[in-house]
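Report on one structure; see the data block that follows.
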């Protein structure tokens, strides 16, 4: 560490959905490195300290180095000429960039989708069906005397969810922290998160829905057959005890992860959990919250919702937004070979999508915006290097509880932000099309 | 430059009542005259009014976006296709942001105020307002359940209290201070979904009563010289017998200015001695109080039959409604600042309570003696969408139409009211007051709601029609900041409106008084709380009385 350092106080970590905003970052001005990240968890420390400005080309077109401007032109040509383009990703960039991305999708009549469709999309669908009783993380910290974590392993995925916001955090009405709370973990296996739990409930894999539904019945005083244990691995006595605790607490919280949303039952699981939390409000105050992964996936949900009315998986080809998960979600659009061009922003579907979807990405022109070289950027026709949000780019991100925060970037970057690239791309695309693309009028008339 | 000629001008703030005269525009303002070569628009036979102002609606921010996400079925049936220059979107009772801006403009409205935002969510609201085109906009920041303020009030630190009110307004870039069911949140969150029901009841966990909170906020806001007084959603909304709480709340003002919002929802009596809890109308008492107390103003919060979305910081109320509606329900607690509830809801003319609410709203309009202080709202989308304003205007202007509509509603409810005896018909002048001049004056927006020299050139031009619903549904021209945004009923140009906000002066020392509470009990850092100017976009800082005096 050189002598030339400065400290950025209260910076925000965008590594996970906790979006902790109490990072004190020490920046080495000579090496352009963050050398210390006070208050960061193990994941956040790695996020900040391992970040270096890579010696990457500004852009690659067909693998050849190009300027950002040339790449924007190539990307705009692809998007303006595509008949069924899809724009995907967005959960690791700012709201300002997300707003530009949705604007491009609207201008070209494409599909806009975010990583929500492969994480808590089912929770978004369940929300549309039953609603949700929820709260900010600060309410949980100050009030929760019963915390139930379901289908997730925050100790490893969101370490400070326990320490800053819930389990061990001290709050206004729970001044002794963990001593004032009962902590329950429900999962299919005993993860490291079980260490903080007063009660660990092990559910047989793919049986969460049955457990949740049985709890709903017990909360309402209905009969549940003891054979529930055979089915789910959880005894009736355990469930009765849990139901009684839920009704007896003063401020109960259910925090749930992808162990619910991406296993058998999907949105039925999320729906059962949200309904359980709502039901409990007849007896006490009870809230639920999906634990979100990416740093600004919650911002993506919000932006896509306020601009289109729907949270993810939105198609604009008819001239207005249509929402249909399964039809307009990226895995499905790609796996069926429908899209004829794709723009991937701050996500790496080529590393984690099903094989048929990746194979289709190889067949069509792909535009990738990412600070790093990824599987997706390597298969892209146009790969644009952008600066990393939260480290080199300011803007807005939403914590998993919808609380918006302004980033305090610590390091300069030679690369442009996603927002500036997308804004220029939008302007060029609209220039090429001559305003927004108008769908064939007969189809609009039919819809109206 | 524009010269609008031959129109019948309704500009009540300047005493102009249907005179045919020219209106001239240059540089976004009304001017006395423009050069001969200025574009002329001949609006012979048409009605010229200032652009409409919505003093109370819910169009942007966290609860609005939750309500949007909640109702795909509402959007599916009401789409807004893009054009070469406008963005696509969806409608329903909670439209997407772009559609909200376009549809307000297409109704001839040029300003709308979002009525309830927790300060911690101000950034979100400003981001949405930025994506709400054409209209000017601002928001009211929630203070009636703010724990920091409670702590100061509890200790009797009135000076700190007043400074913190000012700081919260400035830090969130809000336009006004809002109270919602003061004192209710602590009971809701902390005592198993309880509520407060009396103004002198102790607030959960505090040595305070709702009366003290209301009084202190009215006084602080008035003392700061804010352009708009404390904007109050009274306790006991929707409950039979609540008119007494409403009267009592107005009395607390004790000569200070106060605005009672969606007062229709707060004008209910109950049948003495009856075990059934059906509400009755107490519109007369409420209207009389407002009529005789010039320090008090109100917006009606009319209920319109059809689809609505209840969305409110009054979480216990939303929970009660969800028990009636039986469908989906959203609750969202915001630390130290607010509660929130959302319930899709439909008002039906055959249902006693809904018909009564509809009739009470009309009674309030028709018994109001000062249209400047009893202005039009549906508490969009709580009582119905802003898209129903043209129908509401017809109900006020057209006695025969009103009678036809009355014939369709629950007769037992109507008998509880005097609506059948009210023959009054609003004039165009009075409509111009309750939809423009009045809200502008109550908001302290001296450049809006009128067409005098120097005013913002926000102008709406309607074709005069017998059917007032038709007339007010689709203005022929809308001019915003001097730009002809709507011509021949269509949006012709992109336009970005301004964010209206205040920044009252406060003792900078207050920041260090507030900080320790944040560090102990908030989940975000104090230094990340205040919203910076980058969120304002195009904006207009509206001065307080003190700031105006100092500047003059």
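The values are calculated or read from the model by the stated rules, or taken from the named source; none is laboratory data. Predicted model, so just to flag it, every value in this text is computed and none were measured. Cβ: placed from backbone, ideal geometry, glycine included. Neighbour counts: every protein chain shown.
Annotations for the structure displayed:
- Of all residues in region B:477-522 being under 23 Å from residue B:169 (Cβ atoms) and surrounded by fewer than 16 Cβ atoms within 10 Å (Cβ to Cβ), the one that is nearest to the other protein chains (Cβ to nearest Cβ): B:519
- For the residues B:17, B:42, B:54, the requirement of being within 23 Å of residue B:447 (Cβ to Cβ) and surrounded by fewer than 24 Cβ atoms within 10 Å (Cβ to Cβ) singles out B:17.
- Residues that are within 14 Å of another protein chain (Cβ to nearest Cβ) and in a helix (DSSP H, G or I) within region B:184-218 comprise B:184, B:185, B:186, B:187, B:188, B:189, B:190, listed in sequence order.
- Taking region B:98-121 as the range and being within 17 Å of the chain's Cα centre (by Cα) and either under 24 Å from residue A:310 (Cα atoms) or at the interface with chain A (Cβ under 9 Å from one of its Cβ atoms) (or both) as the test, the residues that pass are B:100, B:101, B:103, B:104, B:105, B:112, B:113, B:114, B:115, B:116, B:117, B:118.
- Residues that are surrounded by fewer than 24 Cβ atoms within 10 Å (Cβ to Cβ) and at the interface with chain A (Cβ under 7 Å from one of its Cβ atoms), drawn from region B:84-97: B:84, B:85
- Restricted to strands (runs of 3 or more DSSP E) entirely inside region A:82-166, those with at least 3 residues that are facing chain B (nearest Cβ under 10 Å) and in contact with a helix residue (DSSP H, G or I) (Cβ under 8 Å, 6 or more places away or on another chain) are A:131-135.
- Being surrounded by 20 or more Cβ atoms within 10 Å (Cβ to Cβ), over 20 Å from the mean Cα position of the chain (by Cα) and touching a residue at least 60 places away in the same chain (Cβ under 8 Å) is a property that holds for residue A:382.
- Any chance residue A:334 is in the same structural domain as residue A:218 (by TED's automatic domain parsing) and buried (at least 24 other Cβ atoms within 10 Å of the Cβ): no
- Per the conditions (1) buried (at least 21 other Cβ atoms within 10 Å of the Cβ); (2) touching a helix residue (DSSP H, G or I) at 6+ places or on another chain (Cβ under 6 Å), the sole criterion not satisfied by residue B:9 is (2).
- Scanning region B:523-543 for residues that are within 14 Å of chain A (Cβ to nearest Cβ), touching a residue at least 24 places away in the same chain (Cβ under 8 Å) and crowded, with 16+ Cβ neighbours inside 10 Å gives B:523, B:524, B:529, B:530, B:531, B:535, B:536.
- Applying the set (1) within 14 Å of another protein chain (Cβ to nearest Cβ); (2) farther than 24 Å from residue B:531 by Cβ; (3) surrounded by 24 or more Cβ atoms within 10 Å (Cβ to Cβ) to residue B:124 leaves exactly one unmet item: (2).
- Filter pass, residue A:185 being in contact with a helix residue (DSSP H, G or I) (Cβ under 6 Å, 6 or more places away or on another chain), within 22 Å of residue A:287 (Cα to Cα), free of Cβ contacts under 8 Å to residues at least 40 places away in the same chain and in a strand (DSSP E or B): yes
- For residue A:364: the one exception among (1) closer than 30 Å to residue B:85 by Cα; (2) modelled with pLDDT under 95; (3) surrounded by fewer than 21 Cβ atoms within 10 Å (Cβ to Cβ): (2)
- Screening region A:188-203 for residues that are surrounded by 15 or more Cβ atoms within 10 Å (Cβ to Cβ), touching a residue at least 40 places away in the same chain (Cβ under 8 Å) and more than 18 Å from residue A:244 (Cα to Cα) and picking the one that is nearest to the other protein chains (Cβ to nearest Cβ) gives A:196.
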